[in-house]
1. Return the FRET efficiency for the residue pair residue 191, residue 127: r is the Cβ-Cβ distance, R0 is 25 Å, and the value is rounded to the nearest 0.05.
2. Enter the accessible area of residue 330 (Å², nearest 10), with the probe set to 1.4 Å and all protein chains included.
3. Report, to the nearest 10°, how far helix 520-531 tilts away from the longest principal axis of the Cα atoms in the chain, using its own Cα long axis and a range of 0 to 90°.
4. Any chance you could run the full-extension gain for residue 602 through residue 421? It's 0.36 nm times the residue separation minus the Cα-Cα distance, nm to one decimal.
5. Considering only 137, 504, 516, whose Cα is most displaced toward the positive end of the charge dipole of the chain, charges sitting on Cβ of Lys, Arg (+1) and Asp, Glu (-1)?
6. Between residue 97 and residue 347, what FRET efficiency comes out of the Förster formula 1/(1 + (r/R0)^6) with R0 = 51 Å and r the beta carbon distance, rounded to 0.05?
7. Report, in debye and to the nearest 20, how large the dipole of the chain comes out about its Cα centre when Lys and Arg carry +1 and Asp and Glu carry -1 on their Cβ.
8. Starting from the 7 Å offset along Cα-to-Cβ, what nm value, one decimal, do you get for the label separation of residue 257 and residue 472?
Amino acid sequence: MRTHSVRLAAIGLCLAACASACAIEVRSAMEHEPYFEPLTVVHAVPDGLIPRWLDALDRNDVETELVCSTARGFIRCHQLGIAIDRQSIERLAQQLHRQELALPARLGVARALVEVDAKQHAALLTAQLPRGGRDMAEIVEPALADWGDRSLRNVWLARLDDPQAARRELHLAIAGLGKLADPAAKTPLLRIVSDASRSLSLRVGAARSLAQLADAGLEADAERFLASSSADSASGLLAVYMLGRHSGPRTEQLLMDLSANKNPAVAATAVARLIDLHADLLEPKLEGLIHSSDARVRLLGIRAVERNSRSMKLALLGEALGDEHLDVRRAATRALVQAAEAAERRAPVCQLAITLVDAAHPIRTEQALLILGELDYEKAAPRALELLDAHESAVSIAAAWTLERLAAEDVEEQILSRLVLESDRSTELANRKTPQSGETPLAEPAGLTAAYSRAEHLIIALGRMRCEPAVDLLQRFLPKPNWQPGDPPLVELVKQPRLRAAAVWALGMIYADQATAAPAELVEALVGRLSDTTPIPREEPFVRRMAAVSLGRIKAPIALEELRRYCELGADGDEVSRACGWAIEHITGVPARPPGAKTIRHVDWFLVPLD
């Protein structure tokens, strides 16, 4: 049970390591070519709402629930980024001076003042502690520590020596003294860390607070603690936390010793700290880290390989591509891509990745394909083409994405033939519907979803290659499906929204900057997709957005009227409007007006005016 608790104590650190292992995004190019910056979002409330709340609080017979609702309203406004003026904060704080104010309302006001960072009311909040109990302490004490307020410093020190103090009160005192970095807390904190009868959470908190007190001088204490007869399974973890801000040879040696601990949580925490201090020290341990039975240690091993300045162990990273843990293999993938940024490593990384492409090892193959696509290694195109038929959908989709990224003209004909075949298959499948139920035999949803994902990447690949022989096929995707509510689901490739959008995008790429060469009926069809606002069946906004983008790429002046129309209609900066603005700029050369902020007006409050 204690070992399990130790592992939980280190989970936060290891999850932080996982977060740094960003995966390669398997998204088609149409989603970010062109790229639009996210709109600035501004939140607003009805005019005079906050003053109306405060006016209601000024009544002598104000109800507790009204005070609580106002406090919650302040918190929500602050979290939405809605400015609350200082006078309104002062008026809310005045509620704490009312002797008859019920405890729930008092707690709500205190929480609101902390949320809006009302440091000027630290003394008023401190005065609420005697009557507010532990609930008030949970709100006020951490805030005072964050603000650097030392009014409770002596109370916290006394609490550490009080054998009757409740555990939660001790937690607050330990955290507060750590944030204040009070040297007087060192001795009682060391005593708590060394006391095996204390709960692990208290000891961990004390060790972390000790680290906040000093960035040097605790090595001897850590050594004595580890060598003492009272040392237990948590001792290594606590020692690492105590040295959280320390550096130097003595600290590094202690961490090296702890990195070999049999407890994975201790080893992972020590390794993480060593990576930050001096990753080269871990070079002799890299193979052991990568082959560890614990996924968190393996993940840290990849980070250690990345940070090692002496040599880059590409083979170890290659092994990790087949790891059973998703975060580990994604981290290895990203590490290899980053390693290839150095010119001397690009060829070895590509060669390693191509040797790891093996249908018998699908997990590893998927990541290797992503690397080859990210590094634009065109020699991988024939192999990726073969893997479109892989049994595992993740591999076949990765192969299609790789072909999109490579846009290798030597496989253009094969990609087009593949799309024609897939389109014909889906049409045949749709024609075999059961008349009684509308179900489609043999159409498994997962299989269809994978087929659609592959087709999307292959369509984009044809667009990037500017494959003119594909125009006839791509134009089959332009007509809007006549689907009505209650009809059977559409399974044909040419009727899928994202595939239709991809085809529109690809046509724009094929005829980019060729307004005179683009067939008039194609331009007319693209204008029709943009201007189709019929509600039932409606045209997909994503298709309309791609139509605008393609008209801009083609530089079709005949489309300017419709582009300007829908650019102005989208006053709130929707994606279709922004695409129209981009297209107009692309055709005319006149910079588009930057979109304004998108205002979200919240009306779901209490005491909102009826008008």
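The values are calculated or read from the model by the stated rules, or taken from the named source; none is laboratory data. In this text the structure is predicted, and so the values were computed from the model without any measurement. Neighbour counts run over all protein chains shown; Cβ positions are idealised from the backbone, glycine included. The protein model used for the area step is the full one, side chains on, heavy atoms only, and it has no ligands, DNA or RNA in it. Shrake-Rupley method; radii C 1.70, N 1.55, O 1.52, S 1.80 Å.
1. Numbers: r = 31 Å, r/R0 = 1.25.
Once the sixth-power term is evaluated, E becomes 0.20.
2. Rounded to the nearest 10, that gives 90 Å².
3. That works out to roughly 40 degrees.
4. Numbers: separation 181, 0.36 × 181 = 65.16 nm, distance 5.06 nm.
In short, 60.1 nm is gained.
5. 137
6. Details: r = 74 Å, r/R0 = 1.44.
With R0 = 51 Å, the Cβ-Cβ based efficiency is 0.10.
7. The calculation lands at about 1700 debye.
8. Going from the residue 257 label point to the residue 472 one covers 7.8 nm.
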